[in-house]
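Report on one structure; see the data block that follows.
The values are calculated or read from the model by the stated rules, or taken from the named source; none is laboratory data. Note that this is a predicted model, so its numbers are computed, not measured. Glycine gets a Cβ as well: all are built from the backbone with ideal geometry, and neighbour counts include every protein chain shown. Only protein heavy atoms, including side chains, enter the accessible area calculation; ligands, DNA and RNA are left aside. Shrake-Rupley method; radii C 1.70, N 1.55, O 1.52, S 1.80 Å.
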Amino acid sequence: MWKTATGFPKGFLWGGAIAANQAEGAWNIDGKGPSMADIEILPEHYDRKHVVGFTHTAQQIEEALQDKDGYYPRRHGIDFYHTYKEDLALMKEMGFSCFRTSFNWTRIFPNGDEDLPNEEGLRYYDALLDEMLKNGIEPVMTVSHYEMPVHLITKYKGWYAPEMIDFFVRFCEILFKRYHKKVKYWILLNQINSLGGWGEFASLGMVEDGYEDWESAKYQATHHQFVACAKATKLAHEIDAGMQIGMMLGDDALYPATCRPEDVFANTQRMQMSIYFYSDVLLRGEYPGYALRYFKDHQIQIHAKEEELKLLKEHPADFLSFSYYFTRIVDASQPQPKENPYLETSIWGWATDPLGFRNSLNQYWDRYHVPIFIAENGLGAIDTVIDGHIHDEYRIAYLREHIKAMREAILDGVQVFGYASWGPIDIVSCSQGEMSKRYGYIYVDRDDRGNGSNARIRKDSFTWYQHVIQTNGEEL
């Protein structure tokens, strides 16, 4: 007889996720060098529906490093570097069985091209991981989450340079050898498909000047990322066959605007090149035909060696992880996706779509049949403190419906082994650099300019998620 799932599996990993650059602070102590996150200023005025920063020239980078007057929120974060013990204690209180965070590249290699790592930075992660394990929390560690050393950007043009492959693999080797007995689950690159206006800098470390052919350059840089991931995966399995290496997407899920065949096919093509291209290469191990045609039609030139293509084929990722927040629609007559009129959106323009979450889970499972880990999912909102309490029913409602959708996908046969909501504690927003765009179950008393006591306060969602974990997702 067939066996079907009845709910979340035993041993399901419940937890949350943050990024080092948005939380740690302590940007220039204990030997840490400047990263790309440290040059992102919070402007006086901005449009919340558009990403702030993450496009720079080399001159602008140097000006940011010399700026003594502007406020750079990621340099301060929530001071997790010094408060991680109390923050992890709160996560333990909620019942977390996993916690996803990242290594800040410049804590370990301040410039990125050194031969030897900064031992002081490694000692911090020794202590962080030990504290997680002490609290019964499984570490899910991202190697690189928008924290590339500035030196690799200004000297080598980021991932466009083939030297980056060896720099990244050396970074991975240090981490794998030191932490393979403490960390089972690894995500190599956060949201590797983060192109399209801001990811060229955030993901690839490419500035706006210095390239004759921008389109070819960014896909060449992406190819170097692919090769580095395959090399790192090979290395990890040689060091410890028990390590599980994941690739991660930012799930920019899309629907056709209408049932017009032109809209349907435009949606297919956009999904292919904005999402599936990356996972097809890293999970199936080869460049898909639709991507090769796209490169030909757009005169995009990529230099790939035969041994690199062989490496991709022989060393795919072990699991798929992705972030999920919202969906949009594609109209063949419009250059960019747009908001879905059938869905409610936040003040940041992000549409709430739990059924889209179930749809994405099914689509990925049908395409790849590899285990899936939810690396991010959450609602950014303005929270108000009333008499020392934060009543965030809107956040509970969002998460409840998405966890229900995930459970339905598991009943559909999708193998999901963990869920890390974004983020368990308020941190600096990635897209705008705000503190006021809050995701956490734990409120942090800091405003957008870093003012406040930095105290932690449990929100109503804290107790709610605690119960969700206690009942393994059965009572929402």
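Please compute the length gained on full extension between Asp130 and Lys155, using 0.36 nm multiplied by the number of residues separating them and subtracting their Cα-Cα distance. Could you put the intermediate results ahead of the total?
Numbers: separation 25, 0.36 × 25 = 9.00 nm, distance 3.53 nm.
Answer, rounded to one decimal: 5.5 nm.
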Item to check | Per-residue [θ]222 nm for the chain (sum of -39500 (n - 2.57) over DSSP H runs n ≥ 4, rounded to 500) | outcome: -11500 deg cm²/dmol
Next on the checklist: Between (1) 24, 62, 14, 0; (2) 21, 41, 30, 9, 0; (3) 23, 57, 19, 1, which entry matches P(r) over Cα pairs in 20 Å bins from 0, in percent as derived from the coordinates of this structure?
Outcome noted: (1)
Checklist entry - Taking R0 as 51 Å, what's the FRET efficiency between Ile347 and Ala241 from their Cβ-Cβ distance, rounded to 0.05? => result 0.60
Next on the checklist: Which order do the peptides 255-262, 76-83 come out in when sorted by mean C-beta neighbours inside 10 angstrom, highest first?
Outcome noted: 76-83, 255-262
Checklist outcome for this item: Length-normalised contact order of the range 383-476, Cα under 8 Å, at least 6 apart, in percent, tallies to 28
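Work out how much length Glu208 to Glu286 would gain on full extension: take 0.36 nm times their residue separation and subtract the Cα-Cα distance, in nm to one decimal.
Working: separation 78, 0.36 × 78 = 28.08 nm, distance 2.91 nm.
Full-extension gain reported as 25.2 nm.
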Next on the checklist: Between the range 188-221 and the range 20-61, what is the separation of their alpha carbon centroids in Å?
Outcome noted: 17
Item to check | Accessible heavy-atom area order of Phe12, Phe265, highest first, probe of 1.4 Å | outcome: Phe265, Phe12
Checklist entry - Relative contact order of the range 120-264: what whole-number percent is it, with Cα pairs under 8 angstrom and at least 6 residues apart? => result 30
Checklist entry - Using a ≥ b ≥ c from the Cα gyration tensor of the range 236-321 (square roots of the eigenvalues), is it rounded, prolate or oblate, where a/c under 1.5 gives rounded and otherwise the larger of a/b and b/c decides, a/b for prolate? => result oblate
Next on the checklist: Give me the percent relative contact order of the chain, please, defined on Cα pairs under 8 angstrom at least 6 residues apart.
Outcome noted: 19
Checklist entry - Ordered by packing density, taken as the mean number of other Cβ atoms within 10 Å over each peptide's residues, highest first, how do 364-376, 328-340 rank? => result 364-376, 328-340
Checklist entry - Counting only heavy atoms of protein chains, what accessible area per residue, in Å², does the chain have with a probe of 1.4 Å? => result 41
Item to check | Extended-chain gain in nm, criterion 0.36 nm per residue less alpha-carbon gap, Asp448 and Ile469 | outcome: 4.4 nm
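Working from the pairwise distances between different alpha carbons, so that the mean of 1/r is found and then inverted, what is the range 366-476's Kirkwood radius in Å?
After inverting the pairwise mean of 1/r, the radius is 15.1 Å.
How much of the accessible area of the chain, in percent, comes from carbon and sulfur atoms when a 1.4 Å probe is used? Before the final figure, lay out each step's value.
Values: 9790 of 19420 Å².
Roughly 50 percent, rounded to a whole number.
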Checklist entry - Among the DSSP beta bridges whose two residues both lie in the chain, what percent are antiparallel, rounded to the nearest 5? => result 15
